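Down below is the structure, laid out as C-alpha cells.
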Amino acid sequence: MTRIGIVMSRYNEVVVQGLLAGARRALEEARIPEADLRVLEVPGSFEIPWGVVHLIETWHPDGVIVLGAIIQGETDHHVYLAQAVFQALAQISIQHKIPIGLGVLTTANLSQALERAGGKMGNKGYEAARAVLQCLRDIQAPA
C-alpha cells in the first residue's frame, strides 16, 4: 500500500486542474487506488507548504505531489513567492524524509502555464507524480 497526498492551489484554477488531471493519470497508471489518495486544496501557492505539513502530520502519506501555478505579474512578487515556496518544500522533504513531487509552475504568462498543464509542453503534474512514485520505488527496492 502506497499512500499519496496531493496539495493543490485554488489560485490559477484552470491551470492547476490540468496539472491535477496529469497527476491523477500517473497515479492510475501506477495502480494507486483512490482510497490511498488524499487531495487537499489550499488558497494559493504560498499555502502549499503548510498543506504538505498538515497532510504529513495528520494522514502520514508516503509521498506528496504539489500542484500550483505562479505566473509573473507586473511586479517581482512571483520571484519572492516561488523562492519561499520552493525553499520551504525542500526543507519539509528533508526534515520529514518524504519525497515531494514539484508540480508548481513558474511561468511568464498564462499561455505558458497552460502549455505545461496538458498542452504542447506536456504535463508537469504528471511528471511530479512520476517523480514521487520513482522515489518511492527506489526506496522500497532491495539493495
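Given contacts defined as C-alpha pairs under 8 Å and at least six residues apart, what's the relative contact order of segment 43-143, whole-number percent? Don't skip to the end; give the middle numbers.
Details: 118 pairs, mean separation 31.5, N = 101.
Value for segment 43-143: 31 percent.
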*At q = 0.28, 0.29 Å⁻¹, what log₁₀ I(q)/I(0) does a Debye calculation on the Cα points of segment 94-143 give, no solvent, two decimals?*
-0.99, -1.03
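Would you mind telling me the share, in percent, of accessible area of the chain contributed by carbon and sulfur at probe 1.4 angstrom? Before the final figure, lay out the partial values.
Numbers: 4150 of 7810 Å².
Answer for the chain is 53 percent, counting heavy atoms of protein chains only.
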*Once the Cα atoms of helix 124-140 and of the chain are each reduced to a long axis, what angle between those two axes, in degrees from 0 to 90 to the nearest 10, is obtained?*
30 degrees
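Please identify every one of the trypsin sites (Lys or Arg not before Pro) in segment 22-97 that sits in a loop by DSSP and has no more than 16 other beta carbons within 10 Å of its own beta carbon.
Values: sites: 24, 25, 31, 38, 97; in loops: 31, 97.
Passing sites in segment 22-97 are 31, 97.
What net charge is computed for the residues neighbouring residue 55, neighbours being all others with C-beta under 14 Å from the C-beta of residue 55, Lys and Arg scored +1, Asp and Glu -1?
On the way: positive: 3, 38; negative: 36, 41, 47, 57, 62.
Summing Lys and Arg as +1 and Asp and Glu as -1 gives -3.
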_Restricted to Cα positions, what overall size does the chain have along the principal axes? Three whole-Å values, descending._
49, 31, 28
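Express the accessible area of segment 22-143 per residue in Å², computed with a 1.4 Å probe while the remaining protein chains stay in the model. All intermediate terms of the calculation are to be shown ahead of the outcome.
Values: 6840 Å² over 122 residues.
With all protein chains present, segment 22-143 gives 56 Å² per residue.
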*Take the chain, connect every pair of alpha-carbon atoms lying under 10 Å apart with a spring to form a Gaussian network, then pick out the residue of 79, 53, 66 with the largest mean-square fluctuation.*
79
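Could you check how many percent of all C-alpha pairs in segment 1-68 are farther apart than 17 Å? Don't skip to the end; give the middle numbers.
On the way: 840 of 2278 pairs.
Everything past 17 Å amounts to 37 percent.
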*Report residue 36's accessible area, 1.4 Å probe, all protein chains in place, as a number in Å² to the nearest 10.*
20 Å²
*Quick one: angle between helix 77-96 and the longest Cα principal axis of the chain, in degrees between 0 and 90, rounded to 10, please.*
10 degrees
*Which of 101, 134, 70 sits farthest toward the positive end of the charge dipole of the chain, with +1 on the Cβ of Lys and Arg and -1 on the Cβ of Asp and Glu?*
134
*In degrees from 0 to 90, rounded to the nearest 10, what is the angle of the helix 48-58 Cα long axis to the longest principal axis of the chain?*
20 degrees
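The values are calculated or read from the model by the stated rules, or taken from the named source; none is laboratory data. Just so we're clear, the structure is a prediction, and the values are computed from it rather than from any experiment. Every residue, glycine among them, receives a Cβ derived from its backbone with ideal geometry; neighbour counts consider all protein chains shown. Just the protein is used for accessible areas: all its heavy atoms, side chains included, with ligands, DNA and RNA removed. Shrake-Rupley method; radii C 1.70, N 1.55, O 1.52, S 1.80 Å.
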